[in-house]
């Protein structure tokens, strides 16, 4: 739902990956963003209206993304798709970070546009500490990119797990993601992403800001 820049790009990417795609938008002119090669279905109407959703094939859908420019419309459409039609894979784009967290706790996966953008900028301006990249629906566990003291580089990844209550999920090295094993050694420039509970995040940040010996 939503054929703006995000919605049209998402529709084209999904279709290029071999998926059957239907896109809904109130403005028929918006479908021009899809380009002449788009083979999917377009439906003009309100994306949370049940008749429109049925016309779009919601009863056969494996997934639903609500990416219009309205928070209320997105979350309402996402809830109708999940609760009325039983679509398992549902995501809503939300501009208000506070509301996004509430809906995330209700079990509706959300992408908070403002929060994501500011988080990405801050991560580059002030890399110290950690930056949350994902949080589970209960709000207890999060995936964070953590900042390491320079003396961690050259040490095995396993030392982080021995020294803290965090678990290393993956490393970004030279722009590419990799899942480490017990033999992986940290290299300068690595971005380290860990799974950690909210209760432990401050302790993990404090430990990794020190040298391994101090931690």
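On a 0 to 90° scale, report how tilted helix 5-16 is relative to the longest principal axis of the chain, with both axes built from alpha carbons and the result rounded to the nearest 10.
90 degrees
Which percent, nearest 5, of DSSP beta bridges in the chain are antiparallel?
Taking every DSSP beta bridge with both residues in the chain, the antiparallel ones total about 65 percent.
Once fully extended, how much extra length lies between residue 138 and residue 188, figured as 0.36 nm per residue of separation less the alpha-carbon to alpha-carbon distance?
Numbers: separation 50, 0.36 × 50 = 18.00 nm, distance 3.41 nm.
Stretched out fully, the residue 138 to residue 188 stretch lengthens by 14.6 nm.
Can you pull the semi-axes for region 127-208, root of five times each eigenvalue of the Cα gyration tensor, sorted largest first, whole Å?
Those come to 19, 14, 12 Å.
Read-outs: derived from the displayed coordinates by stated rules, not from any lab. All figures in this text were calculated on a predicted structure; none of them were measured in a lab.
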